[in-house]
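> Handing you this structure, nothing more for now.
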Amino acid sequence: MELEKSIPSAPGQRVLASYFVSVTVGTLIFVATAMLSRVTDFESATNLPLWQKVIHLIIMTVLLFVPSWMVGLAAAAIPCALLSVIARALKIRNWIFYLCTEIVMGLLMMRIYLGFSNSLHWYADPPAETATTWLQGILTVGRFLVPAGVVAGLTFWKLAGRHYD
């Protein structure tokens with residue numbers, strides 16, 4: 001009983017900082033898994049030395065992280081704020097809630113990605129191009145975004161969600 005009373009409440013600053021940290025951690029997981037899944041294919045057609053391939057991989061990782069973090073921060077803000085209000089109002093401190101909601105958030109981010117990628121049409125695309133389906137999205141980018149969302153949700157729970165009262 002005394003242990004639960006000694007846990008401080010999660011103030012707004014802690015929740016906001018936890019949101020930024022969890023999005024950053026989720027983006028790092030997304031970028032790391034996306035880049036590591038392609039590391040064997042990266043620059044395989046060139047005869048560059050290994051150190052140049054490593055530099056290219058680092059540059060591509062940074063170039064993928066920055067826009068992914070900004071989009072993730074903006075796209076997840078309203079859903080995460082609503083989930084935080086619900087969790088605080090219902091005093092939900094169970095990590096399973098955050099695990100399940102962040103699986104849904106990962107799927108939402110996948111949907112945003114698919115909507116963006118399906119709206120782009122390059123001049124070289126054939127006119128009979130079909131849009132990417134949900135299943136194709138889960139098999140391509142969803143396999144990176146859903147685990148990243150789970151890690152982000154558990155990070156938020158660890159930093160702020162378990163302190164809701």
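The values are calculated or read from the model by the stated rules, or taken from the named source; none is laboratory data. From a predicted model like this one, the values you see are computed outputs, not experimental measurements. Every residue, glycine among them, receives a Cβ derived from its backbone with ideal geometry; neighbour counts consider all protein chains shown.
> Say whether the condition of being among the charged types (D, E, K, R) and either modelled with pLDDT of 70 or more or in contact with a strand residue (DSSP E or B) (Cβ under 8 Å, 6 or more places away or on another chain) (or both) is met by at least one residue in the stretch 110-119. Walk me through how you get there before you give the answer.
Looking only at the stretch 110-119, we keep the residues that are among the charged types (D, E, K, R), and these are 111.
Now narrow it down to the ones that are either modelled with pLDDT of 70 or more or in contact with a strand residue (DSSP E or B) (Cβ under 8 Å, 6 or more places away or on another chain) (or both): 111.
The answer is yes; a qualifying residue exists.
> For Ile96, which of the numbered conditions (1) closer than 17 Å to Phe30 by Cβ; (2) out of contact with any helix residue (DSSP H, G or I) (no Cβ under 6 Å at 6 or more places or on another chain); (3) modelled with pLDDT of 85 or more; (4) β-branched (Val, Ile, Thr) fails to hold?
So Ile96 meets the others, but not (1).
Table: residues versus (1) among the polar types (S, T, N, Q); (2) over 20 Å from Thr24 (Cβ atoms); (3) modelled with pLDDT under 80.
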{"position": "Val66", "(1), (2), (3)": "no, no, no"}
{"position": "Ile86", "(1), (2), (3)": "no, yes, no"}
{"position": "Leu107", "(1), (2), (3)": "no, yes, no"}
{"position": "Ala124", "(1), (2), (3)": "no, yes, yes"}
{"position": "Trp134", "(1), (2), (3)": "no, yes, yes"}
{"position": "Phe144", "(1), (2), (3)": "no, no, no"}
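> Look through the stretch 13-46, keep the residues that are at pLDDT below 75 and not hydrophobic (A, V, I, L, M, F, W, C), and return whichever of them is farthest from the chain's Cα centre (by Cα). Even if it seems obvious, please write down each step before you answer.
Step one: filter the stretch 13-46 for residues at pLDDT below 75, giving 38-46.
Add one more test, that the residue is not hydrophobic (A, V, I, L, M, F, W, C), and what stays is 38, 40-41, 43-44, 46.
Working: Arg38: 18, Thr40: 23, Asp41: 23, Glu43: 26, Ser44: 28, Thr46: 31 Å.
Filtering the stretch 13-46 for residues that are at pLDDT below 75 and not hydrophobic (A, V, I, L, M, F, W, C), the one farthest from the chain's Cα centre (by Cα) comes out as Thr46.
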